Amino acid sequence: MPLYLANRLSFWTRALTSCSYPRDVPLLWAAIRRRRPFEIPDGVWSRIVPIMQHRGLIARQDAGLLYWAAKEWPLAGPVLELGSFQGASTAVFALAGRHVHAVDAWSLDVADISAYRGEGMSADDVFDRFCHNVEALGISHLVTVHRGLTHDVGRVWATAGAILFVDAGHTYGDVKGDLEIWTPHLHPDGLLIMHDVLNGWRPAPGVTRAASELLRNGWRVVASAGSIVAFVRMRRDMGAHD
Ligand SMILES: C[S@@+](CC[C@H](N)C(=O)[O-])C[C@H]1O[C@@H](n2cnc3c(N)ncnc32)[C@H](O)[C@@H]1O
């Protein structure tokens, strides 16, 4: 079997076995129906790869969906990004021309420290690298940093977002709290993007569970690629396909 096919099969086997049944069936079905390839231009991706070499946490197909969202979502306004780490996703959004509010604790004093595992860098080092990357990419004017716990920052938040990207703590409690606290800050026609919902390589069952619950709470799937599933509120699709 070709390596590419073996990799895809392995990804899906892991993804499907990390879901709970029958709970996650509607989510899986909706995501599979709306999966399609999203491209990120070579010229943009090649600027982000140096960040990835220091353990950036997004794959190219995930970056493609983020780039598409930032470029094409027909609503002006910033990205509210929960979980920035060294700035890979921040860079994708900003290089597509969106202002990004980057919210991250950059601290090991969080419930989920999985991003730092094997990194060999302190949280302060990672924060310094985030700042360095933003500066080096020439996107400082498009990035506002909010260093703190997402739940704390969200409780006093005042700026509406056109896109909400959820990729901070990956426990069920973290994600459920982020959705409860932050979705009211997303414009009614905004796009909610959740990372690691279908991650065959690094399953995050808490993220998948919280994403499944969205379908029972007035949200519907509009796009999916890689580990990402993107949602809109049920009342309007903004041109999404059924
Ligand atoms: C998976 S990484 C984000 C990856 C990033 N989006 C990228 O493209 O590389 C998760 C980030 O969330 C942060 N984090 C985890 N729990 C958090 C919390 N409760 N509040 C704020 N940040 C948190 C971690 O510090 C880490 O930088």
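Read the figures in this text as sums done on the coordinates, not as results from a lab. This one's a predicted model, so the numbers in the text were calculated from it and none came from an experiment. For neighbour counting, all protein chains shown are included, and Cβ atoms are generated from backbone atoms with ideal geometry for every residue, glycine included.
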Under a point-charge model restricted to the Cβ atoms of Lys and Arg (+1) and Asp and Glu (-1), what is the dipole moment magnitude of the stretch 29-106 relative to its Cα centre, in debye to the nearest 20?
260
The stretch 46-120: which trypsin sites (Lys or Arg not before Pro) are DSSP loop and have at most 12 other beta-carbon atoms within 10 angstrom?
ARG117
By how many nm would the segment from ASP109 to MET121 grow when fully extended, if each residue of separation counts as 0.36 nm and the alpha-carbon distance is taken off?
2.9 nm
What is the spin-label model distance, in nm, from ARG23 to TYR4 if the labels are put 7 Å beyond Cα along the C-beta direction?
3.6
How many Å³ per residue does the convex hull of the Cα positions in the chain occupy?
124
So if we plug the beta-carbon distance of HIS141 and ILE32 into 1/(1 + (r/R0)^6) with R0 = 25 Å, what FRET efficiency do we get, rounded to 0.05?
0.05
Pick from ASP174, ASP128, ASP196 the residue whose mean-square fluctuation is largest in a GNM of the chain, springs joining Cα atoms under 10 Å.
ASP128
Once every DSSP H run of n ≥ 4 in the chain is given -39500 (n - 2.57) and the sum is divided by its residues, what mean residue ellipticity at 222 nm do you get, rounded to the nearest 500 deg cm²/dmol?
-12000 deg cm²/dmol
Note on the stretch 3-233, DSSP bridge orientation, antiparallel percent to nearest 5 equals 30
Calculate the translational D of the stretch 54-136 in whole µm² s⁻¹ from Stokes-Einstein, where the hydrodynamic radius comes from the Kirkwood formula applied to all Cα pairs, the temperature is 4 °C and the viscosity 1.567 mPa s.
97
Using the alpha-carbon centroid of each, what span in Å lies between the stretch 18-63 and the stretch 170-242?
13
Can you list the chymotrypsin sites (Phe, Trp or Tyr not before Pro) in the stretch 173-242 that are in a DSSP coil and have 14 or fewer other beta carbons within 10 angstrom?
TRP201
